[in-house]
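Visitor: Just dropping this structure here.
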Amino acid sequence: MTSPLFEYAPAPESRSIVDVAPSYGLFVDGEFVDGSGDTLKTVNPATEEVLSEVAVGTEADVDRAVRAARRAFTRVWGPMRPADRGKYLFRIARILQERAREFAVLESLDNGKPIRESRDVDVPLAAAHFFHHAGWADKLGYAGLGPDPRPHGVAGQVIPWNFPLLMLAWKVAPALATGNTVVLKPAETTPLTALLFAQVCQQADLPPGVVNIVTGAGETGRAVVEHADVDKVAFTGSTEVGRSIARAVAGTRKVLTLELGGKAANIVFDDAPIDQAVEGIVRGIFFNQGHVCCAGSRLLVQESVHDEVIASLQRRIGTLRVGDPLDKNTDVGAINSAEQLARIRELSEIGEAEGAHRWQPACDLPDRGFWFPPTVFTDVSPAHRIARDEVFGPVLSVLTFRTPDEAVAKADNSTYGLSAGIWTEKGSRILAIADRLRAGVVWANTFNQFDPTSPFGGYKQSGYGREGGRQGLAAYLKGASH
Amino acid sequence: MTHVLDPGTLAAGTRPGPGPGTAFDDVTRSDAALRAFLHGLPGVDQVGAEQRAATLGTRSIKTTAKAWAIDTAISMVDLTTLEGADTPGKVRSLAAKARRPDPTDPTAPAVAAVCVYGDLAGVAREALAGTGVHVAAVATAFPSGRASREVKLADVRDAVGNGADEIDMVIDRGAFLAGRYLEVFEEVVAVKEACGGAHLKVILETGELVTYDNARRASWLAMLAGADFVKTSTGKISPAATLPVCLVMLEAVRDFRAATGRQVGVKPAGGIRTTKDAIKHLVLVNETVGADWLSPDRFRLGASSLLNDLLLQRQKLRTGHYSGPDHVSVD
């Protein structure tokens, strides 16, 4: 035996399965068309290699897309038999499964997330959302949302860069199942899987104009949201942008759902299954490099088990494999953009300046690309900015509590209210605490689990409206209440 | 800053503390105390443990890592035959295979031990003399363990007398499930004493204990009683070794070393048939307890058919193509 150490050899997923074009236009009315404005480069955040150039949609481009969507709504998609709409959605879901590896590799290239996650989480869940909603298409009258719920018409949707394909699925699947047509603006830094999805729409023979994809940055998104002929606006992203969208649609007839930031409390009681709680903490904050709006970024741990949990957590973090997103053994990939990396660095420095103690494992980071090591702050006070602001990165703030009341008070002491976690072996405590938390999603003895049947959304500045489940359908139907 | 521990502290086992036999004397003074201690261990969440094991099962071990893992796995095999039809001839042929698993390739390492019934330990000892391959014997009325204490201890002494330097005992699952923990503890202590210098592996038969909480408690009980190894199964009950149960037992030996400084080994046995299974177990060891356990002194794989698959995969790595089952010896 040569070495006592078990060193995993590189196990890169081949990127030959994806065929990235040097440039992409906009997907409008069933075809790829040139944009009338500039282009932007999308890069691989793990290497800073330019992957492709995509069009920046202008107001005129957006107008063209909205008109195509309106036409498709009035002439084809609206009048279509609901069961036939369902067939298209089933077809899209199947194609997503068939081309799963292609989507996974492309997602990891463009976003920086580990292939293990894009392969095992993002893509299968995206397909599951289409399957789930396909089944609803001809059963909307039985969803408890009124006897004959009607679609709004044209939905303008703007999605973030953290789960590019999955957030597309969360938006597009319910909109189409309920009979709406779509103009979708993917994130500036991660447009490629949305453009591949456009090809899937063509492959599925989806009628032209039902799905339109207009790439670009903030101005393109604004044009989608503010277009006069958009009936329904759905946005997932930062609270700051969400606020400006709410202002823009105020006083119009548009219906709005917002899924914004979060600062979730992950509460570990002293009777928790500690080993699994540590796994849950790791999954809660380091899944997708912490680029998760519902990330468990505030660990609230009972003082009596604090030392044990932190020691265990640090040992576990020491085994995380940070690096090449396409390596099948990578646990933590690249930060999505230079801009986001700067924000993570800034907030971490503020954390230290405010007196919290920063801990990071020894880890070699690649020379090129955007990287930040898994980070734990202990001695964090609820007054510190790292306990209040959303970092949106692999940075965990550890706070303590002594009693269940104190745990609830500290967990709810946030301007956000998207998600929370409870770790205890006592079932009655789970129910009692969950009942008192002001959070849209509460996980018990697990974290970051998603399913299309389960509604997802927030309280307070985490937004309003729900996605997924029966409640998620309501957002795309007229006069539906849940 | 008092609470931020160096994560290496626990793993390195350098935390100061009393040695075995002193730290936990108190918890074994009565049935009530032992019960309170075992039931006070942190629970195991079934869903979470299974999810963790499944995630580690997706690790992709290729090329040089695979070659290392295959050789390491071969060196950890307890090559086993536990049949009513076992004969001296069968044991001798197994011993020959144990010392030189691949007759065409002397670079293939020898296995860790040959595991037989106690009456055949002498045959194995003779056949393996001077090879460094250990002789393990099952004892204590294996596999059921349903016999009086005297019979079990006589079984152990007989096997040791025949030349076994490792004893694989079974715990009294009936007593454990009935909550008579101290009785089980005392029996393991007595067997350990009867072993003399032989290493003691304690079989929990997790397939009969059923819950992960029980697997964790039984592991602690066995370690407190002086086990050198905790072993999942007899191989006669299904399910035998599973990844999540092995995970829970690895966590137990890790925590036990942190608490006492004593390092106990783990042996999954039964149901591990393929190289892929074996490598998944090595990944589990590597990422749960680390390199300190990646040695035949601390981790064993109880198996019979596994060895041939490891050898076939080894040949494949060397030659680039798969050979058929006729290129490895039948057992």
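Visitor: Sticking with the crude label model, points 7 Å out along Cα→Cβ, report the distance from B:ALA141 to A:ILE17 in nm, one decimal please.
Guide: A separation of 5.5 nm, rounded to one decimal place.
Visitor: What lysines does A:LYS232 reach when the alpha-carbon gap must be under 17 Å and sequence neighbours fewer than 8 apart in one chain are set aside?
Guide: Output for A:LYS232: A:LYS171, A:LYS185, A:LYS254, A:LYS478.
Visitor: If you take every DSSP beta bridge whose two residues both sit in chain A, what share of them, in percent to the nearest 5, is antiparallel?
Guide: Expressed as a percentage, antiparallel bridges in chain A total about 30.
Visitor: How large are Rg and Dmax for region B:42-185 when calculated on the C-alpha trace, in angstrom?
Guide: For region B:42-185, the Cα-based Rg and Dmax read 18.9, 52 Å.
Visitor: Arranged by the count of other C-beta atoms within 10 angstrom, fewest first, what order do B:ASP292, A:ASP275 take?
Guide: Fewest to most other Cβ atoms nearby, the residues stand as B:ASP292, A:ASP275.
Visitor: Something else: Report the extension gain between A:GLU339 and A:ARG94 in nm, rounded to one decimal, defined as 0.36 nm multiplied by the number of residues separating them, less their alpha carbon distance.
Guide: 84.6 nm
Visitor: Starting from the Cα coordinates of region A:265-444, work out the convex hull volume and express it per residue in Å³.
Guide: Value for region A:265-444: 111 Å³ per residue.
Visitor: How many angstrom lie between the C-alpha centres of region A:201-268 and region B:222-285?
Guide: Result: 51 Å between the Cα centres.
Visitor: Please report the antiparallel percentage of the DSSP beta bridges confined to the protein assembly as shown, to the nearest 5.
Guide: Roughly 20 percent of the beta bridges in the protein assembly as shown run antiparallel, per DSSP.
Visitor: With each run of n ≥ 4 DSSP H residues scored as -39500 (n - 2.57), what mean residue ellipticity at 222 nm is computed for chain B after dividing by its residue count and rounding to the nearest 500 deg cm²/dmol?
Guide: -14500 deg cm²/dmol
Visitor: Roughly how many whole Å is it from the C-alpha centroid of region A:288-339 to that of region B:87-163?
Guide: Their Cα centres are 46 Å away from one another.
Visitor: Over chain B, what is the relative contact order in whole percent, taking alpha-carbon pairs under 8 Å and six or more residues apart?
Guide: 20 percent
Visitor: Expressed as a whole percent, how much of the Cα-Cα distance distribution for chain B exceeds 30 Å?
Guide: I get 33 percent for the Cα pairs in chain B exceeding 30 Å.
Visitor: Continuing with this model, one more query. Please compare each pair in B:LYS97/B:LYS152; B:LYS192/B:LYS280; A:LYS87/A:LYS113; A:LYS41/A:LYS113; B:LYS231/B:LYS316 to a cut-off of 24 Å on the Cα-Cα distance and tell me which ones are over it.
Guide: Checking Cα-Cα distances, B:LYS97/B:LYS152; B:LYS192/B:LYS280; A:LYS87/A:LYS113; B:LYS231/B:LYS316 exceed 24 Å.
Visitor: Between B:THR319 and A:ALA217, what FRET efficiency follows from the Cβ-Cβ distance if R0 is 51 Å, with the result rounded to 0.05?
Guide: The computed FRET efficiency comes out at 0.40.
Visitor: Quick one: A:HIS357, B:HIS321, fewest Cβ neighbours within 10 Å first, how do they rank?
Guide: B:HIS321, A:HIS357
Visitor: Still on this structure, please answer the following. Run lengths n ≥ 4 of DSSP H only: what is the helix-derived mean residue ellipticity at 222 nm for chain A, with -39500 (n - 2.57) per run over all residues, to the nearest 500?
Guide: One gets -11000 deg cm²/dmol as the mean residue ellipticity at 222 nm.
Visitor: Which residues in region B:32-57 place their backbone N less than 20 Å from a point set 7 Å from the Cα of B:GLU183 along the Cα-to-Cβ direction?
Guide: Backbone N within reach: B:32-39.
Visitor: Also, I was wondering about something else. Which of the lysines could a cross-linker span from B:LYS90 if the Cα-Cα distance has to be under 21 Å and same-chain partners fewer than 8 positions apart are dropped?
Guide: B:LYS236
Visitor: Can you give the average number of partner chain beta-carbon atoms within 10 Å of each beta-carbon in peptide B:46-57, as a whole number?
Guide: Per residue, the average neighbour count from other chains is 4.
Visitor: What is the mean number of Cβ atoms from other protein chains located within 10 Å of the Cβ atom of each residue in peptide B:242-254, rounded to a whole number?
Guide: Across the residues of B:242-254, the mean count of other-chain Cβ atoms within 10 Å is 1.
Visitor: So, one more: Going by how many other Cβ atoms sit within 10 Å of their own, how do A:ASP412, A:ASP110, A:ASP331 line up, fewest first?
Guide: Fewest-to-most ranking of A:ASP412, A:ASP110, A:ASP331: A:ASP412, A:ASP331, A:ASP110.
None of the figures in this text is laboratory data; all of them are computed from the coordinates on show. Because the structure is a prediction, the values reported are computed rather than measured. Methodologically, a virtual Cβ is constructed for each residue, glycine included, from the backbone with ideal geometry; neighbour enumeration extends over all protein chains shown.
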